[in-house]
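Below is one structure; the comments refer to it alone.
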Amino acid sequence: MISKELKNNRFPNLDKYAQKHVDVEQAIKRYIKPGDRIFIDSGCSEPIDLTSKLIELGPQLSDVEMIHFISLSDLDYYKTAGGNDDSFRHNVFFISENLRDAVKRGFADYTPMLLSDIPGFFERGQMHLKTALIQVSPPDQFGFCSYGINVDIAKPIAEVAEFVVAEINPKMPRTLGDSFIHMNDIDAYILSDHDIIEFKYDPPDESIKKIAKYVASLIEDESTIQMGIGKIPNALAIELEDKKDLGVHSEVFSDGIVDLVEKGVITCKKKTIHKGKIICSFVMGSRRLYDFVDNNPFVEFHPVNYCNDPFIISRNKKQVAINAALTIDLTGQINADSLGHLFYSGIGGQVDFVRGANRSEDGKPIAVLPSTATLKDGSVVSRIVPHLQPGSGVVITRGDIHYVVTEWGIAYLFGKSIRERVLQMINIAHPDFREELLDQAKKVKYVYADQKLPLSISGRLSLYPDKYETTFQMKDRKIIKIRPIKPTDERMLQGLYYSLSDQDKYMRFFSRDRKFPHKFVQPLTNIDYQTDMILIGESLQEGEQKIVASAAFFKTNKPSTVELAIVVKKDFRRTGIATFLLNYLVIIARELNYKFFTGSILLENKAMLHFLNNSGYTMKSKSVEYGEVLFTLDISK
């Protein structure tokens, strides 16, 4: 209970609205009757004093339907969802931990809906609301209270409810933007002084840190980012510290964004809409976060029917959407709200931001998930699956998916065939499950019947060595990505070979009409990285990723000697990329204890002979047979 002294000291603008002041029991009994449908403010803004009294008076308020979007308090809602006919009935748009068991047991309802669609659903009267219970900041001198850290669906729902009962709390931040309600629109209020709910993430484990690094590699300077709820998006902040002029347009953010603002990473200067502003609809985090958004003109809060509108989102150039998935099948269907028939969370704003980022100029929708999950019995299962478990909801369709990131790498699925998608997804699955996933894909004819995975000389799966990924900057400052080849590169490698002129094919393969079918190319993309290496130079050409150069060595019957092969597209010759690739191959070969490169070159291939003679490595021996130069290059020093 707030004393008169506290009221007078801390609520100076309430005098003219004194007639609306009620005690907490009056607030519940007067504005909530049996059979009503009510809304309870979201997330960390839950009006704790009002909801505690609501639960206490539950036996007097039978058949009241309680609408939620994210409930984070530790109140015992379960006893108001106990299953008998006279209890409250909870209806949630996003299933939080404290109501998950009630939904599982059938004592509470889940309504799946895109977050951006929820306000319109109420505004059109498709779900009539009697009373909205909200928590707001004290009014300013003009009578406006701020919805604080949760504007989301709270503001539009309160605007259509018959009655609005507010818990006015001086500890609620006064956030700016489209985030205010006037005291004239509040029917009754109570005064509170409790702490605002804080939300903390567990420290990230190593797999989540790896995922964050991969995601950060996809985010360019001057991008505008959205990060959904979860450990992975929150862990990303530390990996973005070397970025420049990032912006934020996100339904929610947490403490990591504050760190990036303070370090000058997030400036919002390059945004194409709401330049110079962070745009959000709610926040979840610590008191430090709440102090940061309090009366801060750098941050604007908006209801989700604006913040999450895909059209509005798409107006941000380089909009990046980062959202967590529960499971993803090999074709790219994302389940993010259920574990089989068990509803676990909700759709939220994922679809809104995936579609908004998809339509954004240079936008990137990114799905993130650890490759495995540990069940209650201790068993480990793959979260990349041959097909979604019966009952699992497809939140993001095959047609919407772009990037998928696990701790094992990045898969890009947009515009890819089912066969290409399967190989991409297997490539980022946990190695313990890749053979099984490939076998399942073969059974349904998703891939070639002879499709293989890269195996080491010992017969174990040969893991992709991402430590060798780097870049090469050409004279025109264009960046070429240099990396080891993957099983998913088969079509691109064919593209490189078929792009060669007949003369180039003759010089490289000793045949002008050489063909490069699957049976020839597959072994080159499924190498044992412990004995062989193919480095490729990858570049965006005419809107499509293509291999523009490759340099390789392959084991021979001599332990210290490997065979060398280099191919560069005509347009990329004399750029220095061949020299770069050769020198990089030497570094890798030395790590594998090789001392010599060997090979054969047509005598008429003067360019390659000149290149090797001027490479800086000694041509230890050289002979000519049948028009071919057999060479050995000493790379030992």
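The set of residues in region 101-115 that are over 27 Å from residue 355 (Cβ atoms) and surrounded by fewer than 18 Cβ atoms within 10 Å (Cβ to Cβ) comprises 101, 104, 105, 106.
Among residues of region 482-499 that are closer than 18 Å to residue 581 by Cα and assigned by TED's automatic domain parsing to the domain that holds residue 580, those with a Cβ under 6 angstrom from a residue that is among the aliphatic types (A, V, I, L, M) and surrounded by fewer than 20 Cβ atoms within 10 Å (Cβ to Cβ), sequence gap 6+ or separate chain, pair up as 493/521. Of all the residues in region 162-194, those that are touching a His at 6+ places or on another chain (Cβ under 9 Å), part of a loop (DSSP other than H, G, I, E, B) and of a type in the set (Gly, Ala, Ser) number 1. Counting only strands (runs of 3 or more DSSP E) that sit wholly inside region 340-416, those with at least 3 residues that are not polar (S, T, N, Q) are 364-368, 403-406, 409-412.
Applying the set (1) closer than 26 Å to residue 94 by Cβ; (2) part of a helix (DSSP H, G or I) to residue 203 leaves exactly one unmet item: (2).
Within region 253-286, the set of residues being crowded, with 17+ Cβ neighbours inside 10 Å, over 15 Å from residue 320 (Cβ atoms) and touching a Gly at 6+ places or on another chain (Cβ under 7 Å) comprises 254, 255, 282, 284. Among residues of region 206-234 being in a loop (DSSP other than H, G, I, E, B) and among the aliphatic types (A, V, I, L, M), the one that is surrounded by the fewest Cβ atoms within 10 Å (Cβ to Cβ) is 219.
Could you tell me which numbered condition residue 160 fails, if it satisfies all but one of (1) crowded, with 19+ Cβ neighbours inside 10 Å; (2) under 18 Å from residue 39 (Cα atoms)? That leaves (1) as the condition not met. Pairing residues of region 152-164 that are without any contact (Cβ under 8 Å) to a residue 24 or more places away in the chain with residues that are charged (D, E, K, R), at Cβ distances under 9 Å and at least 6 apart in sequence or on separate chains, gives no pairs at all. If the condition is being surrounded by fewer than 22 Cβ atoms within 10 Å (Cβ to Cβ) and either modelled with pLDDT under 95 or of a type in the set (A, V, I, L, M, F, W, C) (or both), then region 304-323 contributes 311, 312.
Does residue 177 satisfy the condition of being in the same structural domain as residue 29 (by TED's automatic domain parsing) and modelled with pLDDT of 95 or more?
Numbers: in the same structural domain as residue 29 (by TED's automatic domain parsing): yes; modelled with pLDDT of 95 or more: yes.
Yes: the conditions hold for residue 177.
Could you list all residues from region 300-330 that are under 17 Å from the mean Cα position of the chain (by Cα), more than 17 Å from residue 228 (Cβ to Cβ) and in a strand (DSSP E or B)? The one that is under 17 Å from the mean Cα position of the chain (by Cα), more than 17 Å from residue 228 (Cβ to Cβ) and in a strand (DSSP E or B): 329. When region 425-463 is limited to residues that are of a type in the set (S, T, N, Q) and farther than 24 Å from residue 414 by Cβ, the one that is surrounded by the most Cβ atoms within 10 Å (Cβ to Cβ) turns out to be 462.
The values are calculated or read from the model by the stated rules, or taken from the named source; none is laboratory data. Small disclaimer: the values here were computed from a predicted structure and weren't measured. Neighbour counts are summed over all protein chains in view; Cβ atoms, including those assigned to glycine, are modelled from backbone coordinates with ideal geometry.
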